[in-house]
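Report on the structure given below.
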Amino acid sequence: MTKITIPALMQSKAERKPIVMVTAYDYPGARAAERAGVDMVLVGDSGAQVVLGHESTVSVTTDELLVLAKAVRRGTETAFMVCDVPFGSTELSDEQAVATAVRFVKEAGADGIKIEGGGEPQLSRVRAIVAAGIPVVGHVGLTPQTATALGGLRAQGRTIASARRVVREAIAVQEAGAFCVVVEAVPAEIVELLRDELRIPIIGIGAGPADGQVLVLHDLIGFTEGQAAKFVKRYGTIGEDTTAAIAAYADEVRSGVFPGPEHCYAASDDAVEAARA
Ligand code: KIV
Ligand code: NA
């Protein structure tokens with residue numbers, strides 16, 4: 001496979017060929033995504049919860065996400081790799097946002113960054129980062145970094161005002177220079193209209209068919225606990241499988257079945273003699 005480029009993603013939209021994006025937070029996750037042939041990987045700040053155990057995305061730092069991003073880079077060859085910029089790393093100024101985005105490109109080898117929101121300050125950040133030569137993915141609808149201000153993790157675009165806001169912000173993010181936009185937790189009918197309106201691909205999550213889809217890796221492989229969001233579909237049982245494997249190992253250690261002779265190294269008689277002496 002050849003490396004996925006921005007023109008290739010634009011082409012996918014034009015041909016109505018759905019774009020596949022999945023999150024990844026480490027080397028094996030990136031390798032698996034690569035082997036499965038996805039188009040884009042996202043080092044999401046959802047890693048805050050799914051691999052680092054934070055309560056929400058807001059507390060994760062740039063340094064923490066960079067560790068994850070570097071590991072993903074080492075495992076990613078053809079997929080287009082996007083990194084989330086965490087909450088607090090872009091809010092202060094365009095300069096701060098560019099400096100953060102540059103770190104993800106320079107230190108982690110990101111192909112692009114994703115930034116949440118479509119209000120005036122965020123649009124200014126998008127323009128500044130794009131002007132610095134870094135491809136930007138926008139993110140509108142439910143924006144988890146500022147979910148408290150939205151009244152919690154809830155669907156957007158369900159009222160007249162909210163639907164207008166989603167549409168306005170998605171268009172504004174495109175006009176600010178984003179090459180792609182994630183739309184999260186918005187009714188499919190709204191996204192369908194937006195899809196025809198925008199030149200850039202819409203990657204949906206809880207947003208209906210769109211130009212592409214993204215899911216959190218650990219949600220789709222079944223490696224998250226508790227009630228998943230309505231839009232999650234589970235394709236695997238890795239959580240249960242992992243627990244069962246560890247439990248089987250624990251049983252065998254406790255019963256003396258593991259390790260067996262086949263897991264042990266052989267020594268020469270001389271070495272055993274020497275150890276005895
Ligand atoms: O952090 C993340 O995983 C995301 C996707 C759900 C879009 O932002
Ligand atoms: Na995110």
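Read-outs throughout are calculated quantities, based only on the coordinates presented, and are distinct from any laboratory measurement. Nothing here was measured: the structure is a model prediction, and the numbers come from that model. Glycine also receives a Cβ, built like all others from the backbone with ideal geometry; neighbour counts cover every protein chain displayed.
The helices (runs of 4 or more DSSP H) found wholly in the stretch 34-136 and carrying at least 1 residues that are over 16 Å from the mean Cα position of the chain (by Cα) occupy 62-75, 94-106, 120-131.
Just a yes or no: is a residue in the stretch 187-198 more than 20 Å from Ser12 (Cβ to Cβ), out of contact with any strand residue (DSSP E or B) (no Cβ under 7 Å at 6 or more places or on another chain), of a type in the set (A, V, I, L, M, F, W, C) and surrounded by fewer than 22 Cβ atoms within 10 Å (Cβ to Cβ)? No - not one qualifying residue is present in the stretch 187-198.
Checked against the criteria, Val173 counts as under 21 Å from the mean Cα position of the chain (by Cα), of a type in the set (Val, Ile, Thr) and either within 16 Å of ligand 2 (Cβ to nearest atom) or in a loop (DSSP other than H, G, I, E, B) (or both).
Can you confirm whether the stretch 214-237 contains a residue that is farther than 30 Å from Thr143 by Cβ and surrounded by 10 or more Cβ atoms within 10 Å (Cβ to Cβ)? Looking through the stretch 214-237, at least one residue is farther than 30 Å from Thr143 by Cβ and surrounded by 10 or more Cβ atoms within 10 Å (Cβ to Cβ).
Does Arg195 meet the test of being away from ligand 2 (no atom under 16 Å from the Cβ), of a type in the set (Lys, Arg) and touching an Asp or Glu at 6+ places or on another chain (Cβ under 8 Å)? The answer is yes for Arg195.
Looking across Leu52, Leu68, one residue alone is farther than 19 Å from Val182 by Cα and either surrounded by fewer than 24 Cβ atoms within 10 Å (Cβ to Cβ) or more than 13 Å from ligand 1 (Cβ to nearest atom) (or both). It is Leu52. Only residues that are in contact with a helix residue (DSSP H, G or I) (Cβ under 7 Å, 6 or more places away or on another chain) and either away from ligand 2 (no atom under 16 Å from the Cβ) or not hydroxyl-bearing (Ser, Thr, Tyr) (or both) were counted in the stretch 16-27, giving 5.
Within the stretch 103-134, restricting attention to residues that are among the basic types (Lys, Arg) and within 19 Å of Ala172 (Cα to Cα), the residue that is nearest to ligand 1 (Cβ to nearest atom) is Lys114.
Of all the listed residues (Thr146, Thr159), the sole one being without any contact (Cβ under 8 Å) to a residue 12 or more places away in the chain and either closer than 21 Å to Val58 by Cα or surrounded by fewer than 17 Cβ atoms within 10 Å (Cβ to Cβ) (or both) is Thr159.
The set of residues in the stretch 138-163 that are within 16 Å of ligand 1 (Cβ to nearest atom) and hydrophobic (A, V, I, L, M, F, W, C) comprises Val140, Leu142, Ala147, Leu150, Leu153, Ala155. Put simply, of Ala271, Ala244 the only residue that is surrounded by 10 or more Cβ atoms within 10 Å (Cβ to Cβ) and within 25 Å of Gly29 (Cα to Cα) is Ala244. When the residues of the stretch 139-156 are filtered to those that are in contact with a Leu (Cβ under 9 Å, 6 or more places away or on another chain) and not in a helix (DSSP H, G or I), the one that is nearest to Ile190 (Cα to Cα) is Gln156.
What about Phe104, is it crowded, with 23+ Cβ neighbours inside 10 Å, in contact (Cβ under 8 Å) with a residue 24 or more places away in the chain and more than 14 Å from ligand 2 (Cβ to nearest atom)? So Phe104 fails the test.
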